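The values are calculated or read from the model by the stated rules, or taken from the named source; none is laboratory data. Only a predicted model underlies this, so the values are computations on that prediction, with no experimental measurement involved. Because the Cβ atoms are built from the backbone with ideal geometry, glycine has one as well, and the counts that use them run over all protein chains shown. The area values use the complete protein model at the heavy-atom level, side chains included, leaving out ligands, DNA and RNA. Shrake-Rupley method; radii C 1.70, N 1.55, O 1.52, S 1.80 Å.
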Amino acid sequence: MKLFLSYPSGQRELAERLSLALEAEGHHVFMDRTDLAAGQPFHQPLREAIHGADAMVFLVTPASVAPGSYALAELNIARQRWRRPGGHVLPVMVTSTPMAALPSYLSAVTVLQPGGDLVAETVAAVAALKPPTSRHRWWPPALAVLTLLALTLAWLAARHQQQEAAAAQARLAAQERVLAEAASARDLCDSGAHAAAYGQLEALAAGTEPLPAVLDAREDCAMRWLREMRAAAGRSSFAEQVARAEPALVQGLARASGRRAADLRAHIGWGEYLRSREGAGGGDPAAHWQRALVDDERNVYANAMWANVLLHRGGGIEEALARFEQAEADGRDRPFLRALQFGGLLGGRIETAQHAVRVADRMRREGEAIAPHHRDALWNGALGSPMLHADMRAVVFAALDPPALLQTFDWLYPQQSVGSDRRALWRFVRATLLAHHGETAAARQDFASLAAELRDGRHGGRLLDEAERGLQALQGASR
């Protein structure tokens, strides 16, 4: 390149070394006043040299940027040559000079501040400048064409970007609308309108690329539907409902793993069991539960469903209890687990009733709420009228130690919540538990007052007989 080297008079030696190094790299260097013939005026040759140069190297010192310096005059000529200094003017910091002292034209580009050898770093920086291009007469019109082309491309790019942004915004709005509809359908499913909610989610998932959140909501609704499914004669059978809900679970398995896959398999097995209750099942539900437990050993659904079906089909009690224990360890969906526990343990087998009482005791100790219909199931299956029979009393007494049994009974059926239709039987059962606990005096008083009221009201039957037996047993024990 043709280079113009501008320097203050105090840096002539450095300028000469730099000039020699640049010329060694193939550059042609004009060293300002040293290149002028003796007696030749400064201004015109300098102006021509700068206008003929491809770049200027400006050595920065406090003297070179001081007002009135000749270097500043050369810089003003350079400013006329190159309106923008970038790529043409290379300022090199020789002596520490405040940046605020530099002319704005000079500070518009990065000032080279050598950390090592100034000459070597300056030569390298010059090499990084753009080499000059050939000047041809077709350059101005070509430049105009290129400028027009660049502007056209920039306009097209901006328009494309606007279109892409608008399309992205439309897609985002559509996704948000779909997600809102899916959330609404999920709430509808949770409220018990399973078929209607599932239909809405099917419609949302019908596209070529359904959102994962929509697929999750559809699978969750299908599983809830199966857990809460009821059949109505002449209206909707188990088989019909399962046939509609099951495909979502099967499709979900293709993208599920671990616990999620186990949940889906467990509910597919439950669907097979519901079909079998109508004589329409062809598959073995236990096979699905067994496979689910490979993915998630403590899965609440697979374990609880398997245990419940074992009890209803007369299977091993110990195996069922072990599976219920695993289901409890999962820690999820306690209401569903309790429903299957009470439904299976209070299903008519006297030897399993004590385990239902133990479940209620655990719920009491852990502060877990119990549903009213589960209280009713315990009353009807263990702690109410069954307590009029000695064999059931023996089973219940074996469930817990006497203090825990009495506390669990009072937790389940506090006196103030017992209706008039159950009041007499409640008094008998509580007196029986008091006697079992060793509170003889209180039990004797309760048995006596209950028997007297029943006799006065001319209410005979088994309740009066058992109350009198309980009183006689306590009187005999006291003697």
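With +1 on each Lys and Arg Cβ and -1 on each Asp and Glu Cβ, how big is the dipole of the chain about its Cα centre, in debye rounded to the nearest 20? Don't jump to the answer; show the numbers that get you there.
Working: 52 positive and 53 negative charges, 167 e Å.
About 800 debye.
If you line up the long axis of helix 353-365 against the longest principal axis of the chain, both from Cα atoms, how many degrees apart are they, to the nearest 10?
The two axes meet at around 50 degrees.
Could you state the accessible area per residue of segment 266-409 in Å², with a 1.4 Å probe and every protein chain left in place? Intermediate results must be reported in sequence, preceding the final value.
Working: 5770 Å² over 144 residues.
Normalised by residue count, the accessible surface of segment 266-409 is 40 Å².
Determine how many Å³ per residue the convex hull of the Cα atoms of segment 198-285 encloses. Kindly include the intermediate steps, with their values, before the conclusion.
Working: hull volume 8.5 nm³, N = 88.
Roughly 96 Å³ of hull volume per residue.
Between residue 80 and residue 333, with labels modelled 7 Å along Cα→Cβ, what's the label distance in nm to one decimal, could you check?
Reported label-point gap for residue 80 and residue 333 is 8.9 nm.
For residue 104 and residue 9, what does the FRET efficiency come to when R0 = 30 Å and r is the distance between their Cβ atoms, rounded to the nearest 0.05?
0.75
Starting from one equal scatterer on each C-alpha and no solvent at all, send me the Debye-based log10 I(q)/I(0) for segment 142-261 at q = 0.09, 0.17 Å⁻¹, two decimals.
Each listed q maps to, in turn, -0.41, -0.88.
Efficiency by 1/(1 + (r/R0)^6): what FRET value for residue 291 and residue 164, r their Cβ-Cβ distance, R0 = 45 Å, to the nearest 0.05?
Numbers: r = 46 Å, r/R0 = 1.03.
For R0 = 45 Å, the calculated efficiency reads 0.45.
Two-decimal Rg/Rh of the chain from alpha-carbon positions, Kirkwood Rh? Walk me through the numbers before you get to the answer.
Working: Rg = 47.2 Å, Rh = 31.9 Å.
Checking Rg against Rh, the ratio lands at 1.48.
Largest first, how would 324, 30 line up by accessible area (1.4 Å probe)?
Details: 324 5, 30 40 Å².
Of 324, 30, the descending order of accessible area is 30, 324.
How much of the DSSP beta bridge set in the chain is antiparallel, as a percent to the nearest 5? Intermediate values should be presented prior to the final figure.
Numbers: 1 of 14 bridges.
Just about 5 percent of them are antiparallel.
Using only Cα atoms, what Kirkwood radius does segment 297-456 have, in angstroms?
Numbers: mean 1/r = 0.0610 Å⁻¹.
Across segment 297-456, the inverse of the average 1/r is 16.4 Å.
Taking θ as phi - 60°, what are the ³J(HN,Hα) couplings along segment 237-253 by the Karplus curve (6.51, -1.76, 1.60), each to the nearest whole Hz, with x for Gly and Pro?
Taking θ as phi minus 60°, the curve returns 8, 4, 4, 5, 5, 4, 4, 7, 7, 5, x, 4, 5, 5, 5, x, 4 Hz for segment 237-253.
For the chain, find the longest principal axis of its Cα atoms and tell me its angle to the long axis of helix 212-227, 0 to 90°, nearest 10.
0
What FRET efficiency do you get for residue 277 and residue 325 if R0 is 22 Å and r is their Cβ-Cβ distance, rounded to the nearest 0.05?
Working: r = 26 Å, r/R0 = 1.17.
Efficiency, rounded to the nearest 0.05: 0.30.
Where does segment 284-386 land on the Kirkwood hydrodynamic radius, alpha-carbon pairs, in angstrom? Don't skip to the answer; put the middle values down first.
Numbers: mean 1/r = 0.0728 Å⁻¹.
One over the average 1/r among Cα pairs gives 13.7 Å for segment 284-386.
Once phi is turned into ³J(HN,Hα) by the Karplus curve 6.51 cos²θ - 1.76 cosθ + 1.60 with θ = phi - 60°, what whole-Hz value does each residue of segment 376-390 show in order, with x for glycine and proline?
Running phi through 6.51 cos²θ - 1.76 cosθ + 1.60 with θ = phi - 60° gives 5, 5, 5, 5, 6, x, 8, 9, x, 4, x, 6, 6, 10, 4 Hz.
Given labels modelled 7 Å from the Cα in the Cβ direction, how far is it in nm from residue 236 to residue 468?
5.4
Working only with C-alpha atoms, what are the Rg and Dmax values of segment 1-128, expressed in angstrom?
In Å, with Rg to one decimal and Dmax whole: 13.4, 39.
At 1.002 mPa s and 20 °C, plugging the Kirkwood radius over alpha-carbon pairs of segment 373-466 into Stokes-Einstein gives what diffusion coefficient in µm²/s? Before the final figure, lay out the partial values.
On the way: Rh = 13.5 Å.
Taking Rh from Cα pairs, D becomes 158 µm²/s.
Which angle between 0 and 90 degrees, to the nearest 10, do you get for helix 423-437 versus the longest principal axis of the chain when only C-alpha atoms count?
Once rounded, one gets 90 degrees.
Under a 1.4 Å probe, what is the accessible area of segment 152-206 per residue, stated in Å²? Display every interim value, and only then the final one.
On the way: 3590 Å² over 55 residues.
Ligands and nucleic acids excluded, the figure is 65 Å² per residue.
First compute the accessible area of the chain with a 1.4 Å probe, then give the percent of it belonging to carbon and sulfur atoms. Don't jump to the answer; show the numbers that get you there.
Numbers: 13150 of 24920 Å².
Carbon plus sulfur share of accessible area: 53 percent.
For labels at residue 175 and residue 371 in the simple 7 Å Cα→Cβ model, what's the distance in nm?
In this crude spin-label approximation the distance works out to 3.7 nm.
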